[in-house]
Amino acid sequence: MTISQAAIAIVGAGPAGLTFARLLELAGIDYVVFEQAESALWADKHSSSGTLDIHKGSGQAALKEAGLMADFQSLARWGVPVKFVDLNGNVVLDTVAGNSGEDKPEIDRRDLQKLLLGSIPASKVRWGFKILQVQVDSDGSQSVHCENGSVESGFRLVVGADGAWSKVRKLVTSAEPQYSGTHFFTTFLKSDNPHYSSLTSMVGNGNYLALNNGRQFFLHYLGDGSYHLAVGMKLPETWALEVTKHHGPSTLWQSLLRYEFAEWAPELTDLIKSSTHTFRSWPVYSIPKTSVPWKHTPGVTLLGDAAHLTEPTGDGVNNALQDSVELARCIIKHGIDDLDSAVVEYEKAMFPRAIEAIEKGQWFAEHLFKAESSQSFLQAATSR
C-alpha cells in the first residue's frame, strides 16, 4: 500500500476529471488522477468518439476559467452546417449551428482531451490504473484499489469522474445505469473509403442526421477530415452480445442492414457497408432521476456522467465541465482543510442541475431516439 501525499484523488481522465485537475493545478492544490487507459497514446489510438459542441455559458466558461480558451479557439469550429434528411436522403432542414443566437462551437473529443492533458503535469496521471473499488478507511480517509492489487491511500477526498459505470458512485448511491432501448454502432470514414468523395457534398464540414421509425443515422465531420458515423436503433440490451458471440461482427452488420435499414437509400447504407474500420458497440444508458440527490458522504463526490448520466443531448460534456468548475471553486473557497463543507456546497448547487439534465435526456430518449422521422423530431423540438 502506498500512502499518497496528495489530498485529492480524481478517478477518470476524461474532460470532467482533467478540467477539475487543471483548476486545482492553477490553485496550487495537490491531486492525483487515476485512469484505466494504459497511456495517453493508447487512449487516443483506441478512441471511437466524435465531436462535441461546447456551450458559452458552461463548457466555454469552464475552459476560460482554466486558462485554456485561446487554445480551444484555435481548435474549435464555429458556424458548423447541420443537415436533417429523411431515409431517402432528401433534405428536411439545412441550417447552421448557432443561427438561433446560441454560441456552440464544435471540437473533436480527442482534441479537447489532448488540450486538457497538456495543461497538467504528466506525472499527475496514473495510467493503467483500473479501479476495483474506492474504500473509506478506519481513519476516515479514502483509499483507491486497483485491479492489479496496488492500493493508494490517505486521500481526504475522492472525486469520481469515471463516467457511466463509475466505481466511485457506489459510495453515494445504489442507483445503476438503466438501458435506454437504443443501441448505437460507431466507426470512422476516412479518405480511403470508396464513397469518401460523396461525403464532401452530403455532409461537408458539418453534421448530417437522418431519423426514421426509431432508427438514427448520424455523420459528423472531424478536424482531420474524416467522418464519425453513428448508426442507432431499438434493440434488446443483450442483442449485440449474443449475436456477435455466435456469429461475429460481419454477420451482425449484414443482419442490421438487411432487416433494420432495408428501406433506406443506398447512398446511406453503402457508407455502412463500405467501412473498413472497426465498429464500436455503444448501448445507450442513463441514470434514473431518483439517483439524485444522494445523501452526502464525507470524502466522496461525483462529476459529469458519474453524477448524472443521461442519453446524449449535446449537454453532457458541458454539464461535466460546469461541475468541475463549481467543485473547484468551492474547494478554493473553503480551503483544503474543510473539504467536507466544500463538497456539501457543491452538491447542493449541482443536484438541481443534475435533475434538469436527466429530465432533458428523457425527453431526447422519447422524441429523438424514438422519432418517426426527422420532421417529427424537429416539430417536437420547436414545440419544446
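The values are calculated or read from the model by the stated rules, or taken from the named source; none is laboratory data. As the structure is a prediction and not an experimental result, all values here were calculated from the model. Virtual Cβ from ideal backbone geometry, glycine too; neighbours counted across all protein chains shown. Surface accessibility is based on the protein's heavy atoms, side chains included, excluding ligands, DNA and RNA. Shrake-Rupley method; radii C 1.70, N 1.55, O 1.52, S 1.80 Å.
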Q) When we measure straight from the Cα of Lys104, which aspartates and glutamates land under 15 angstrom away, once same-chain ones fewer than 8 places off are left out? A) Asp53, Asp315
Q: Enumerate the calculated ³J(HN,Hα) couplings along region 15-21 in order (Karplus 6.51 cos²θ - 1.76 cosθ + 1.60, θ = phi - 60°), each rounded to whole Hz, writing x wherever the residue is Gly or Pro.
A: x, 5, x, 6, 5, 4, 4
Q) So which of Lys130/Lys170; Lys289/Lys360; Lys190/Lys234 end up more than 22 Å apart, counting from Cα to Cα? A) Lys190/Lys234
Q. Percent of accessible area on the chain owned by carbon and sulfur, 1.4 Å probe?
A. 50 percent
Q: Determine, for each peptide in 374-383, 298-307, the mean count of other beta carbons within 10 angstrom over its residues, then list the peptides with the highest first.
A: 298-307, 374-383
Q. If one takes the longest principal axis of the Cα atoms in the chain, at what angle in degrees, from 0 to 90 and to the nearest 10, does the Cα axis of helix 249-259 lie?
A. 50 degrees
Q) Hey, rough spin-label estimate for Glu366 and Lys56, points 7 angstrom out along Cα→Cβ, what's it come to in nanometres? A) 3.0 nm
**Q.** Dipole moment magnitude, nearest 20 debye, the chain about Cα centre, only Lys, Arg, Asp, Glu C-beta charged
**A.** 260 debye
Q. In whole Hz, what ³J(HN,Hα) sequence does region 296-308 give by Karplus (6.51, -1.76, 1.60; θ = phi - 60°), x for Gly and Pro?
A. 4, 10, x, x, 9, 7, 10, 10, x, 4, 4, 8, 8
Q. Which residue, Gly160, Gly225, Gly17, tops the fluctuation ranking in a GNM of the chain built on C-alpha contacts under 10 Å?
A. Gly225
Q: For region 273-297 and region 131-181, compute the distance between their C-alpha centroids and round to whole Å.
A: 18 Å
Q: Enumerate the amide H contacts of Val82 below 5 Å, restricted to partners 5 or more residues apart or on another chain; note that Pro and chain-start residues carry no placed amide H.
A: Thr95, Val96, Ala97, Asn207
Q) Tell me, in nm to one decimal, what length is gained between Ala122 and Gln135 on full extension, where the rule is 0.36 nm per residue of separation less the Cα-Cα distance? A) 2.1 nm
Q | Label-point separation, Ser191 to Thr278 (7 Å along Cα→Cβ), nm | A | 2.4 nm
Q. Picking from Val91, Gly160, Pro194, whose Cα lies most toward the positive end of the charge dipole for the chain (charges on Cβ: Lys, Arg +1; Asp, Glu -1)?
A. Pro194
Q: Name the long-range amide H neighbours of Phe34: under 5 Å, sequence gap of 5 or more, or other chain; modelled H, no Pro or chain starts.
A: Ile10, Val11, Gly12, Arg126
**Q.** In sequence order, calculated HN-Hα J values of region 23-34 (Karplus, 6.51, -1.76, 1.60; Hz; x Gly/Pro)
**A.** 5, 5, 4, 5, 8, x, 9, 6, 7, 9, 10, 9
Q) Given a 1.4 Å probe, how much area per residue of the chain is accessible, in Å²? A) 44 Å²
Q: Return the calculated 222 nm mean residue ellipticity for the chain, to the nearest 500 deg cm²/dmol, obtained by summing -39500 (n - 2.57) across DSSP H runs with n ≥ 4 and dividing by the residue count.
A: -11000 deg cm²/dmol
